[in-house]
Structure formats: structure tokens, C-alpha cells
Amino acid sequence: MSVHPTLPRDTGRAGQDLNTQALRADARRESLRLLALLSPSLFLVFAIIIVPIGWLFWLSLFDEAGALSAANYARFFEQASYIKTFVTTFRVAFIVTGACVLLGYPLAYMLSQLPRRAASICLIFVILPFWTSVLVRTYAWLVILQRKGLINSWLIDLGVISEPLPLANNLSGVVIGMTHILLPFLVLPLYASMKTIDTDCLRAGMNLGAGPVATFRQIFFPLSLPGLASGVVIVFVLCLGFFVTPALMGGGKVIMWAMRMEQTTSLYSNWGAGAALGVVLLVVTLALLGLFQWLLGARATGVWSSR
Amino acid sequence: MSIAPSALPISMRRIEKRFGSVAVLRDLNLDVAAGEFLTLLGPSGSGKTTLLMILAGFVRANAGSIKVGGDEIITTPPHRRNIGMVFQNYALFPHMNVFHNIAFPLKQRGVGAAETAERVEKALDLVKLKGLGERRVDQLSGGQRQRVALARAIVFEPRIVLMDEPLSALDKGLREHMQIELRALHRRLGMMTTVYVTHDQREAITMSDRIAVMNAGRIEQLDRPETLYATPRTRFVAGFIGESNFIPVECRNGSVWYEDQRIHTAAPSPAPGQHLMVVRPEKLRLLTDAEPASGVNVLNATLSDIIYQGDSFVCYAVLRDGRQLTLRDYCRSDVLARMPAPGRPVTLGLDAQDTILVAAD
Amino acid sequence: MNRTRSVSILAVAGLMAAVAPPAMAGDTITVASWGGTYQEAETKAFFKPTADALGITIKEDTTNGLDDVRLQVTGNAVKWDITELGADECARGSKEGLFEKLDYGIIDKSGINPKLVHDDWVGISYTSVVLIYRTDVFGDKGPKTWADFWNVEKFPGRRALSGSQATETLSVAALANGIPIDKVYPVDIDGALKSVDKIRGHIDAWWTSGAQAMQLVKDGEVDMASIWNGRAGTLKKEGAPISFSFDQGVLTADCMVIPKGAKNKAAAMKALAMFVSPQLQANLPLYVDNGPVNEKAFETGKIPQDRIKDINSSPENVKKQVLQDAAFWRDNLVEATEKFNNLVQQ
């Protein structure tokens, strides 16, 4: 005796087909609905990122007479100042990123070792500068660093130096100002990634015979690398596009790419001149991100999704 | 793995640990014999994990002494203690593959590449993970991670291995399988004194040579599993290991009384006063009219419920004073045949040698 | 002040009645300028009296310069009816065809330097680039000429020049070479660049905005600098220890234009006519240090005698200065600026 009522064979198959079709239709409807949900953001991405960048690229191919030409790019090689600006931009970006790492890593490490309550209070102090405009902070640094500013006055009053140190209106001013502004961008992702490091892993390291230094070097540091990499990438890319701080702190002697874009856009009557600078920066930035990915492998890029 | 240095005993004396004003361990003394598998068993907050952390060196005791084979190690930093440890969450290094995880302790000890490869291979073989050396940690199942953690803890042939609830993250079937395997491995390696922490009494009973039952920062009882089960010395131990019925009894004039009924006991009568009689469910029997023989305690009760569990059954019976007792027996046909219906009076028998007396709290 | 304004409104109303039919009451035009204290002064001097006299509404906006106009005109989205620009920007925009033709039947150009009167743009005010020095460093024996500024042995000290306004710095560099003020234009660009090359290593800051120039001098970051007279005047008023004069100053004009495709061209033309009229031009120096572009303003009697000597475009002061040639920079700006950048950013 069969437990189940016997259905005519063909009916069963038809029912199965019906169900398959219904399931398929459901799946289709669901993906359409998801697409519909996504479409506003897809449209936004298209309208405010893809189209303008494409437009920028298109514009960069036309000279002042409106003719198709490579003049906007040829200028980089004809005029020495563009190469110089380019080199300066990357030099500043490297120095500032380096300074952020040197200052930010120990800071993030200290924060990650503090008890939760103390750490959140300290984190507020890390984030606090975000609430002040970049302009205000840059002027504040000017007041502190210039020849008759706080630091030089103190040092001279204390007799440490007789001539004021050249801290503002040059490269060091730019580096100090930018490092201050960008430090939180390094510390926050780094701190977040350090917090996810399992303390048991460190204990395991010591238990297995690695001293504190070896444990740090072989376990803590490699595990903090994803956070460090994302912080470094963020800081470096932000550096490349900096305007206000180098304009105010550089004394006109540290010309960075964004400043050059502004100059070029007002100097030439075709948008292409400035657009070409934008395209170059974009391409170089993307190339660098690619290089970062390649150098740090999947772990660094996994940062964006997992950690 | 074959050239085993001889195992070392551990001797802990007057260990004290406070976190702020909270005393976690108080005046704790524990000896672990060389090569022994000793389990620290207790509920959470009993101090068992803290004791393990002190042994490993991650937590510094406020006072006390720990000697391993006669050498004082209480101030030795963890990386110089040469103690292997398996962590609850395994604590495998996620940025290294299986091979490098297991090779890690060898690398710290400056073992050469060829010997490292050989020993890691052996360890992998021992935990039945041969050929998985190149796997990334996140490609392993829970059971495999557990085995890697184990291999990593023993590959450098430590004299002592600590295990902190290493099986708690595994599902039931795998856990029971690993219990047996761990036990077998311990026997095979022979030279490793093992201290194992768990809150699972079955696990403790299955695996251990001896069990230290911990409660509120103290060791309540330290014995072989069967001794612990048969003769728990405190109500806590009786309650924590196995199931127990507790019946209040009084000791007067050299004999033991449950209300006005004299209780036959095998052990010499304890000090006068209130005590608790521990009755294991499987030691109670349903009596027929033909019995009882002498030396059997008879308890009259009313059957309230019977629950069949396939191979066995559980009866709930209520004594005259309203106290409920649990009885467990196998489903033999003769027992089932004379099983009364719920609501009927029953007579329960308890042999004198199965009575256990512990102090009333 | 009130009396002055009502007099001017009456006078202007009379003038308009004679010259042209009044604009349609209720028209609204939008005028863009540089913002800040300068635009506030323009509002009081030009915009408010014009709106009152013509019975129109003048809305205000701010501009970043020629880019904004180019963006609006080429994008067919002209928001402004009148906008202010630098004279060399006007000359360049004119060449690009970004502006409407001006009707000099409505706009009375008499009294305006012919160099600032063009088919599609007209001057509106003057700014001077002057040499400023700190009196706490030099007393009253500071550098008086650009040759002095270039003389690092005689006048040791920290220096700043404009890095963003190559036209001004090259004009100044030509003067430093000893070229007389009436021979500066057309600028010998290579000669001027050689002159810049000489001082380049002694420049401690190349300023990129008026505010920065002011801050550099005010905070003692530099002891001497080129600076716009408006900023220098502000420092003086604040009591900073500085001194400057119009000797060897470089007069740069601002101009106004009607962007091509402006929606209210007719009303804009009438408003512009009023902006450059002597009566309203004479209002400007009452509020800022930027001089009027119409020299007849000095004949209106509205500007106090003791104020006239401080105004950069007074007939006395104009003689001491070089007028920047917009047409010259229209043709040479790009090349000169690129060469200047190559030199300065070495």
C-alpha cells in the first residue's frame, strides 16, 4: 500500500512544470525589483560620475580653436612647470602619507590597547578637528608656524634659536598642515582594523614562543596591514587633490596639481586645458590604486569589503 | 614526536587572583601529575579559565607559586614557559596558511627548514590533516581548524599542554568524536601533562584522568571521574556531576533519619545534625511486593509521570512530604510489565551502599 | 551722506530724463562683482542709486572671473546682465565674443580713458599694485622704487611678490629694470623675465590672493611686498607699521560687460550708463580705495579735497603710475604666464 495518494503521471509532471515556471518568474521579478530599487543610485552614479568624467576626457581633446588636438597634453612636456608641479604633488603626497603613518600608527596602536571607554574619549579628540573647516585649521597653523608665530616666538624667547625657523610658507608648512588634516583618515581605518585583531592570536603567538617584539612583528603588524593599507590609500589619494592648505601654507612656492588646475582653467579659454590636468591626475591616481592592489595583494583590497 | 622528553608535574600553591576588589581565585592549591590528563570543570565564573591563563602566563597571579618539574615559573613570561595551548576559538593566525601556523613555534625556536618541514608533516599526520599544509585558514572547517590548533600546540613538544574549552565551538557529533580522539592522542604522545578546561561534565568524565571541580574560585573536589560520581563530597559537586535527587536527612544517635524513617547507610554515620542524602536516579528501583530484602531503604511515594525515552524511561514520584524524586531505568520488559499507572502509589528501593551523604548548606 | 546721495539721485534723474526714456519700471537685472567690501562699496556707490533712479531692481551675485562668464555664455545659461571683470579678462573675452556690444549712445564715455572704452566693454574702477614696506624694519628709509625692491644689498629683508598675477609682476619687473613708466608697454617679456630671474631667489612668498598678501605683510612674514592699494589702505587704517605710495604703481582697471545673451540687455545698458557716470563714479572712493574710472568724477565736488590725494586714479596719482595695457595682455597673457610659471617654479 502506498502512503501517498497516487496522482496521474501527466498531472504530476504538469504541476512540476507549472511550479518551475512560477519559481523562475518569481526569481525574474525579484531581480527586476532589485534593479528598480538600485536604479536611482545607478542613475546618480551615471549622471554625476560617469558622464562628467567622460565629458572631461572629451573636452581635453580640443584646443583653443575648438579643433581636435593633443595640445593640452603636449603642454605638459613643453612647459617645464607642469612636470615640476606634478613632481611636487607626488613628493608632498609621499611625505605627508609617510608622516601620517609615522604619527598615526603608534596613535592607533595606543587607542586599540586602551580600555573601550578611554579609547572612545580619545577617538573624539581624533575626530574633533573634522568639525572645524580646513580653512580655519590652516590659518591656525599659519598663526602657530610663521616667523612671528607661537613656536618661533617661544623658541626665541627661550633662547633655543636666534633666527626664526622657516616653518610656514614653504614645503614644511604644507606638510605640517596637510598631515594634521589627513591624520584622522589614517588613524580611523587603522584603529578599526586593529580592534578586530583577536587578542587570543597575540596570546597564541607568545604562548608559542614569540616574545613581545616578535609577536608584534609577525602577528600584530601583518594583521593591521589591511587597515594601514586602506588608510594609506585614502590619505595618499586625498593628498593628490589638496588645494587650500598648499595654497595658504606653501607661500606660492609649493604648487600642487589642484592649484595648477585652477590656474590653467582661468588662463586658457578652452576647458580642455584644465580638463587635461584632471584626466592626468585621474589616470595616475587609478594607476596608483592598481599598483597598491597589486603590491598588497587581495588582503589590502579585501579591506574595502570585509573589514 | 617519538623522542619524547619525560613529562613534568605541575605544582600550584596558594594561588590568589583578584580583579579589582573581586577575588577570582582564593588560596588555590593543585598538583597535576606528570603525564596526567586533568580537567578543570566548573560553571562560568568559577575561575577555571583564569587559572589556565595564570598557568599560561597571560594573567599574573597576585600571590602564589607554580612549579613545573621543580622550577618556579610564576614570573616567567609566557613566551619562555614552553607550554602549548589550544584556545577556545583556536586563535589560528589568519594571515598564514596551515603549514606556517604549525611551523610558527618551531620558527621561534630557530628550528631549521628541513626539520621544520618534517615535524610539521608529522604533526599534520598525527591530527589526520595530511596534505592540507597549503590551505588557508579560512578554507578549513571548524573541525579542521581545531586539529590545526592542536597540531600547533604540540608540534614543539611542550612538556605541558593547556586546552581552553577547545571543543565548545563544534557540533555535538564532532565534539564527541574529538573527545575520544584527543584522549587517544594524549595516550599516544604520553609525555604531555595536559590541563583541560570545560564546563561540560560529560566531556570531563569522558576524557579525564582526574577532574578538579571548581566553584567560586576554589577547588571543591579533585578526584578520578568515577570517584567524583560515586562519592561527591559536596552538594555542589553532586549537583554538577550527573543528575541527583536531594533528600534532607538528620543524623542523631549514630543513625540517619529521613523524617521518622531510619535510613540504612553503608558508610559510617557522619556528625550529628542536618545532612543531605544524594540519590542518583539510576540507583532507585521500583519494588514489587516480594521484596524488600534487608539493607534496602524503602520509600513510599505516588507515581506522577512516566516519560519513555526509547532505551530507558524516567519516572517522577512524589514523596509524602511533596518532594519529587527522579528515577531512571532501562526498558526491560519485566520492569515495564509491572509499571503502575500514574497516580498509583509506588514503593521505591535504594540500597544502603548507594546512599551518599553530603553536608547541608 | 544722505544729502549727497539725494543730490546725486536728483542730478542723475535729470540727466537720464534728458538723454533717454526711462527704463521700464519693475525691470530686474542681475549684476555680478567680486564680493566682499569692494562689492559692498559698489552697492552703495552704484547699484542702489541706479536702482532708485531707474525704478528697477538690481540683484547681486559674485563672480570668479572670465571662466564664469564663459561657462554661462557657452552653456547658453546666462544668469547675469552685467558682470565685472579685470580689464585683461575683458579684452580676452571680447576676442572670444562673449559679450554684447555696448551702445555709446546711451553710455556717455567722456572722461574715461579711451584705452578702457571698447565696443563691448568699458572700464569701471582702478586698482593699483604698489610697493609696501614695514616701517618697523626700515623706518622711513624703506624701498621706494622697484629698483630698490630688487636691490637686496641695500635693502636686505624678506620679500613677497604676486605669483598668481604674472601680468602685474612682469610690469613691476620691467620697472625694476629701470624702464621709465611711459615705456613699460609693450612689455619686453623676455627682459622682464630676466629681471624676475634676478630677484627670484630672494622671494620668500609668492602670494596668490589679496588677503594672503595682506596677511604676509601684517604678520611680519615679509618686510616688503607688492600689494593692491586697497589692501595696503586697509593695513594703514588698522594701524600696521607700513608705508606705501603710488610712485611706480601699476594701475590695473576693472571693467564691466553685458554677457552675450543677457536677458535684460536694455535695462542693463541703462544701468551701466549710470555706473560709469561722473556722479556715481564719484561715490566709489567714498567707500573704498579703488579709484573711479571716469576722471570727471573729480570735478563733481563730491570727493573731499584731502581724500583726492589718496585715490589712485586722481589726475596727480595717475601720472606716477603705469597703466596696464589690457590689449597687450589679451595677446600675450598665456605665453607670458607659462614662461613666468616655468621660471618661478624652478
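The values are calculated or read from the model by the stated rules, or taken from the named source; none is laboratory data. Predicted model, so just to flag it, every value in this text is computed and none were measured. Cβ coordinates were reconstructed from backbone atoms using ideal geometry, including for glycine residues, and neighbour counts include every protein chain displayed.
The strands (runs of 3 or more DSSP E) falling completely within region B:63-177 that include 1 or more residues that are more than 14 Å from chain A (Cβ to nearest Cβ), among the hydrophobic types (A, V, I, L, M, F, W, C) and surrounded by fewer than 18 Cβ atoms within 10 Å (Cβ to Cβ) map to B:63-68. Screening residue B:322 against (1) more than 18 Å from residue B:249 (Cα to Cα); (2) loosely packed, with under 11 Cβ neighbours inside 10 Å leaves a single unmet condition, (1).
For region C:119-163, which positions are closer than 30 Å to residue C:104 by Cβ and surrounded by 22 or more Cβ atoms within 10 Å (Cβ to Cβ)?
The initial filter retains those residues of region C:119-163 that are closer than 30 Å to residue C:104 by Cβ, namely C:119-129.
Correct list: C:121, C:122, C:123, C:124, C:125, C:126, C:127, C:128, C:129.
Being over 30 Å from the mean Cα position of the chain (by Cα) and buried (at least 18 other Cβ atoms within 10 Å of the Cβ) is the filter here; which residues of region A:65-78 pass it? I'd like the intermediate steps shown before the answer.
Initial filter on region A:65-78 (over 30 Å from the mean Cα position of the chain (by Cα)): A:65-71, A:78.
Residue satisfying the conditions is A:71 alone.
The residue that is farthest from the other protein chains (Cβ to nearest Cβ), among those in region A:169-223 that are surrounded by fewer than 17 Cβ atoms within 10 Å (Cβ to Cβ) and not in a helix (DSSP H, G or I), is A:196. From the list C:137, C:122, the lone residue that is at pLDDT below 95 and among the hydrophobic types (A, V, I, L, M, F, W, C) is C:137. In summary, residue C:179 fulfils each of the numbered conditions (1) in contact (Cβ under 8 Å) with a residue 24 or more places away in the chain; (2) part of a loop (DSSP other than H, G, I, E, B); (3) crowded, with 18+ Cβ neighbours inside 10 Å with the single exception of condition (1).
Filtered by the rule that a residue be within 14 Å of another protein chain (Cβ to nearest Cβ) and either surrounded by fewer than 20 Cβ atoms within 10 Å (Cβ to Cβ) or modelled with pLDDT of 90 or more (or both), region A:277-300 gives A:277, A:296, A:297, A:298, A:299.
Return the only residue of C:196, C:257, C:217 being in contact with a strand residue (DSSP E or B) (Cβ under 6 Å, 6 or more places away or on another chain) and closer than 14 Å to residue C:162 by Cβ. Walk me through how you get there before you give the answer.
Details: C:196 fails: in contact with a strand residue (DSSP E or B) (Cβ under 6 Å, 6 or more places away or on another chain); C:257 fails: closer than 14 Å to residue C:162 by Cβ.
Testing whether each residue is in contact with a strand residue (DSSP E or B) (Cβ under 6 Å, 6 or more places away or on another chain) and closer than 14 Å to residue C:162 by Cβ leaves just C:217.
Screening B:22, B:32 for residues that are in the same structural domain as residue B:164 (by TED's automatic domain parsing) and touching a Leu at 6+ places or on another chain (Cβ under 6 Å) leaves exactly one candidate, B:32. Assigned to a strand (DSSP E or B), surrounded by 18 or more Cβ atoms within 10 Å (Cβ to Cβ) and either at pLDDT 90 or above or of a type outside the set (Phe, Trp, Tyr) (or both): which single residue out of B:204, B:238, B:212 fits that description? From the options B:204, B:238, B:212, the qualifying one is B:212.
Table: residues versus (1) in contact with a Lys or Arg (Cβ under 7 Å, 6 or more places away or on another chain); (2) within 21 Å of residue B:215 (Cβ to Cβ).
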residue	(1), (2)
B:33	no, no
B:39	no, yes
B:43	no, yes
B:48	no, yes
B:57	yes, no
B:63	yes, yes
B:71	no, no
B:76	no, no
B:86	no, no
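Selection over region C:121-169 of residues that are within 14 Å of another protein chain (Cβ to nearest Cβ) and in contact with a helix residue (DSSP H, G or I) (Cβ under 8 Å, 6 or more places away or on another chain) gives a count of 11.
Considering only residues that are outside any strand (DSSP E or B) and surrounded by fewer than 17 Cβ atoms within 10 Å (Cβ to Cβ), which ones fall in region C:45-64?
Here is the first cut: in region C:45-64, the residues outside any strand (DSSP E or B) are C:45-56, C:63-64.
Result: C:48, C:52, C:55, C:64.
Mind checking which residues of region A:84-103 are surrounded by 13 or more Cβ atoms within 10 Å (Cβ to Cβ), within 17 Å of residue A:285 (Cα to Cα) and of a type outside the set (D, E, K, R)? Result: A:85, A:86, A:88, A:89, A:90, A:92, A:93, A:95, A:96, A:97.
Going through B:7, B:34, B:56 one at a time, which residue ends up being within 14 Å of another protein chain (Cβ to nearest Cβ) and under 23 Å from the mean Cα position of the chain (by Cα)? Steps first, answer last, please.
On the way: B:7 fails: within 14 Å of another protein chain (Cβ to nearest Cβ); B:34 fails: within 14 Å of another protein chain (Cβ to nearest Cβ).
None of the other options fit; the residue is B:56.
Check region A:70-86 and report whether any residue there is at positive phi, within 14 Å of chain C (Cβ to nearest Cβ) and not in a helix (DSSP H, G or I). Checked against the condition, which is being at positive phi, within 14 Å of chain C (Cβ to nearest Cβ) and not in a helix (DSSP H, G or I), region A:70-86 yields no hits at all. Within the set A:179, A:132, the sole residue that is hydroxyl-bearing (Ser, Thr, Tyr) and out of contact with any helix residue (DSSP H, G or I) (no Cβ under 7 Å at 6 or more places or on another chain) turns out to be A:132.
Determine whether region C:153-163 contains at least one residue that is assigned to a helix (DSSP H, G or I), closer than 16 Å to residue C:213 by Cβ and either in the same structural domain as residue C:228 (by TED's automatic domain parsing) or touching a residue at least 40 places away in the same chain (Cβ under 8 Å) (or both). Reasoning before the result, please.
The initial filter retains those residues of region C:153-163 that are assigned to a helix (DSSP H, G or I), namely none.
So far as region C:153-163 goes, no, none of its residues is assigned to a helix (DSSP H, G or I), closer than 16 Å to residue C:213 by Cβ and either in the same structural domain as residue C:228 (by TED's automatic domain parsing) or touching a residue at least 40 places away in the same chain (Cβ under 8 Å) (or both).
Considering only strands (runs of 3 or more DSSP E) fully contained in region C:202-300, which possess at least 2 residues that are surrounded by 19 or more Cβ atoms within 10 Å (Cβ to Cβ) and within 14 Å of chain A (Cβ to nearest Cβ)?
On the way: elements: C:203-207, C:224-228, C:242-257.
Passing ranges, in order: C:203-207, C:224-228.
Test residue C:317 against the stated conditions and say whether it is within 14 Å of chain A (Cβ to nearest Cβ) and of a type outside the set (Lys, Arg). No; evaluated as a whole, the condition is false for this residue.
So which residues in region B:283-303 are surrounded by fewer than 15 Cβ atoms within 10 Å (Cβ to Cβ) and closer than 23 Å to residue B:341 by Cα? Correct list: B:288, B:289, B:290, B:291, B:298, B:300.
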